[in-house]
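Some notes on the structure that comes next.
The values are calculated or read from the model by the stated rules, or taken from the named source; none is laboratory data. A quick note: this is a predicted structure, and the numbers were derived from the prediction, not measured. Note that each Cβ is placed from the backbone with ideal geometry, even for glycine, and that neighbours are counted across all protein chains shown.
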Amino acid sequence: MKSLLYYSITLSAIFSMSHTVKSQNLFDINTIRKIEINFYDSNWDHLLDSLASITSTTGSGTGRILANVIIDGDLLDSCGVRYKGNSSLDTASNKNPFNIDINYTIPGQSYLGKDKIKLANCYSDPSMIREALTYEIANQYMDCPQASFVTLYINNNCIGIYTNTESIDNEYLDQFYGSSSNPFFKCDPESIQIFNGQNSNLAYHSDSLDYDVFYDRKSAYGLTDLQTLCFNLENNPNTIDQYLDVDRALWFLALSSAFVHNDGYTAFAHNFYIYKMDNGRWSIMLWDVNMSFGGLVFDGDSFGLLNSNDLATQDPFIHESAMTYRPLIAQLLSIPRYKKMYVAHYRTIFDENISNNNYYTRAQFMHNLIDADVQNELYSSYTYADFLSNLTNDYGANFNLRPGLKDLMDNRTIYLNSLPEFQYTQPIISNILNNPIIPNAYDTVNFTCNITNSNYAYLGYRYSSRVVFQKVQLLDDGNSNDGIAGDGTYGAQIILNASDIEYYIYAEDNDISTFSPVRAEYEFYKLAVTPNLVINELSASNATIQSDQDGEFDDWIELYNNTSSSIQLDGYYLSDQNSNPTKWTFPTGTNINPNDYLIIWIDKDTLQSGLHTNFKLSSSGETVYLSDTSGTLVDKTTFGLQTTDITWGRYPNGTGSFTTMVPTFSAANVNWPISVKENIVKSSFNIYPNPATNIVNIEFKNNANEVIYIYNLIGELIYQTIPTDKEVIINVSNWTSGVYIIKTQLGVQKLIVT
């Protein structure tokens, strides 16, 4: 999800560094990565062919063989490799798709945060860019995989250009949904029913075991949950928003139709994922889009093959009446408001990518990026001339027809513009205001906006990115802080809690609707709320920062009171478990003074005097929750792997976002957060001895004349020098014992003086 802020603040950090590095995104579309697979077995091809013949529901087997994998020069040892795919896999081919498990034998091994590499062989796509292009566009409207290009080498032989596609797995689910243990399915049946087939179409089956045939279950359980979803889709469509992320589904269907992606839900009802989120609703995920832009000449409705004109004029409302075999489309579009939302999303995609030819500009960029590598392809199914031509012109005929991208979309533009739904004048939403402009926690806020051509509107809002948007109707009745009735100004009122609010506006008339922002619910506006009480700073790895009253260096959390009044904390709660938010209760008599700090020791030692919790923090990362006496969440923060004596805190103090920073125990967080956490331990210089008593040596790994800065933990610069050699010796015998930060443009490290 993305937020659109009306205000932004630029923070200049004292530890910010500018230096040239490799792209930190494995799926950077602006580069072609080089991946080398060096198999341990000389007969690797035979072994992989044999494993692929032992099919699973994916058609590609489950076993792996070992190989070293080198990505842009970085060696990853003992990875597990297998073929992947179904129709794209051909054991007689020299260019098959691959699935690389980086941590197959070495737990925790990853590359740029990813432990799976999935390489698609641009199957059935003469243009070679359909998949990467479609994912790039889709990422404007929904959380979905990223994709980029790689050149693949096997045992020093160049195989050719592949699409590197982000894996939808537990890591992906954790990133976008905050969990990965709920029911999770790849929607691919054991065998495809070609015409009017049910496949993975979300139809209801009375026997839950039928779902094991039509769906590839990726979780430990969930057949009954999936059956319940399908039952409600069939029998209770008017309340389906309680069980399904309807907005995500509408974006999914609109994008699939706009770019004629039939090889998904439309024609065969497969090639997508669904996951049941912690909020109880299912989310649908786009997958396997290599045959978008008309690459599949079936639509699931016609029995014959489609030609280029059929594909260009494919009805955006196809299967609208197919309740039996395409219930997701039919049921959602049977509800007038959802149909209007579908059209609004469709028109946004059309306006932002198709009618303005943005898709073609991006297609040309990707085409040019891989052009030289495609010329050198040894094993491609298509010629270089086919590659050049298919960007604009059709390739092949009948089942092998692959429409030229530009020819297809030019004709589709003409067709879509001829439809009434693309000619209606949408409502116009403008002048969105809130009063008060900068609200405090628990304030009552009045929202107003101007809307033309509308007979219904609502404000969608929520307090957390993973919960469901609540909806309150916007009225032009003269009684909703909207001014005069019927003047086109609409109003609504909500009572805030302690969290920032994410919101958007929806408006419709009898024929059409619109959103503001137009990419809602994926994008939204954000209203910052000045919080009363916050988690301000924490240490999950405290070695020298501060000891408790018994001299123990335990984990700690610092709260801050942003108000001018004391806050009584009797009966408030702290926890590190979302499922148990009342894990530790503040004792009677606990309060925090105005604009003051309160330290709680997170040490699982409640027998000590003072504030000591019944749980500890994990230095590898977790989430901390602060709740009030009713159990309502007041504040929370999620942190990752922590570095010893570097804290996780808010900047600006009390109101800002969290970042890694130098400790400020029970004091205002200072204006120098550490912006690149990894450089605290991975820099281009060494320091020794550390801890130091009399002298410390700073040794550069390469010759350097970068300025050395040394700061104490309250941000004071206490020493600086420009080295003239690879090694600098500094006398610290008169320095106060404690932690110091050494910083150069080559990195940041921590020094302990004893």
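Can you spot a residue in the range 248-263 that is in contact with a strand residue (DSSP E or B) (Cβ under 6 Å, 6 or more places away or on another chain) and closer than 19 Å to M409 by Cα? Checked the range 248-263: at least one residue is in contact with a strand residue (DSSP E or B) (Cβ under 6 Å, 6 or more places away or on another chain) and closer than 19 Å to M409 by Cα. Are any of the residues in the range 249-271 surrounded by 19 or more Cβ atoms within 10 Å (Cβ to Cβ), without any contact (Cβ under 8 Å) to a residue 60 or more places away in the chain, among the hydrophobic types (A, V, I, L, M, F, W, C) and under 28 Å from T514 (Cβ atoms)? No, the range 249-271 has no match at all. Of the helices (runs of 4 or more DSSP H) that lie entirely inside the range 282-397, those containing 2 or more residues that are of a type in the set (G, A, S) span 308-312, 358-375, 384-389. Here R412 meets the list (1) of a type outside the set (A, V, I, L, M); (2) touching a strand residue (DSSP E or B) at 6+ places or on another chain (Cβ under 8 Å); (3) within 20 Å of N262 (Cβ to Cβ) almost entirely, failing just condition (2).
Looking across the range 580-624, the residues that are touching a His at 6+ places or on another chain (Cβ under 7 Å) and in a loop (DSSP other than H, G, I, E, B) come down to D605, T606.
Mind checking which residues of the range 180-214 are out of contact with any Cys (no Cβ under 6 Å at 6 or more places or on another chain), buried (at least 16 other Cβ atoms within 10 Å of the Cβ), in a loop (DSSP other than H, G, I, E, B) and among the hydroxyl-bearing types (S, T, Y)? Matches in the range 180-214: S180 only. Against the conditions (1) within 28 Å of the chain's Cα centre (by Cα); (2) modelled with pLDDT under 95; (3) assigned by TED's automatic domain parsing to the domain that holds T105, R33 satisfies every one except (2). Looking only at the range 323-333, residues that are of a type in the set (A, V, I, L, M) and surrounded by fewer than 18 Cβ atoms within 10 Å (Cβ to Cβ) come to 1 in all.
Going through (1) touching a strand residue (DSSP E or B) at 6+ places or on another chain (Cβ under 8 Å); (2) of a type in the set (F, W, Y); (3) within 27 Å of T588 (Cα to Cα) one by one, F553 falls short only on (1).
Where strands (runs of 3 or more DSSP E) fall wholly inside the range 406-488, no range has 3 or more residues that are assigned by TED's automatic domain parsing to the domain that holds R337 and in contact with a helix residue (DSSP H, G or I) (Cβ under 8 Å, 6 or more places away or on another chain). Considering the range 110-145, the residues that are under 20 Å from the mean Cα position of the chain (by Cα) and of a type in the set (G, A, S) include one that is surrounded by the most Cβ atoms within 10 Å (Cβ to Cβ), namely A132. Taking the conditions exactly as written (over 38 Å from the mean Cα position of the chain (by Cα), at pLDDT below 75 and either surrounded by fewer than 17 Cβ atoms within 10 Å (Cβ to Cβ) or within 22 Å of D645 (Cα to Cα) (or both)), does N703 satisfy them or not? Answer is yes for this residue.
Which numbered condition trips up T721, out of (1) under 23 Å from T643 (Cα atoms); (2) surrounded by 12 or more Cβ atoms within 10 Å (Cβ to Cβ); (3) modelled with pLDDT of 80 or more? Evaluating T721 over (1) under 23 Å from T643 (Cα atoms); (2) surrounded by 12 or more Cβ atoms within 10 Å (Cβ to Cβ); (3) modelled with pLDDT of 80 or more leaves (1) as the failure. Right, G551: surrounded by fewer than 18 Cβ atoms within 10 Å (Cβ to Cβ), in contact with an Asp or Glu (Cβ under 7 Å, 6 or more places away or on another chain) and either part of a loop (DSSP other than H, G, I, E, B) or not aliphatic (A, V, I, L, M) (or both) or not? Judged against the criteria, G551 is not a match. Checking each residue in the range 478-515 for being within 30 Å of V634 (Cβ to Cβ) and under 27 Å from the mean Cα position of the chain (by Cα) picks out L496, N497, A498, S499, D500, I501, E502, Y503, Y504, I505, Y506. L378 falls short on exactly one of the conditions (1) touching a residue at least 60 places away in the same chain (Cβ under 8 Å); (2) surrounded by 17 or more Cβ atoms within 10 Å (Cβ to Cβ), and that condition is (2). In this structure, F317 does satisfy being aromatic (F, W, Y), without any contact (Cβ under 8 Å) to a residue 40 or more places away in the chain, within 30 Å of Y123 (Cβ to Cβ) and not assigned by TED's automatic domain parsing to the domain that holds S88.
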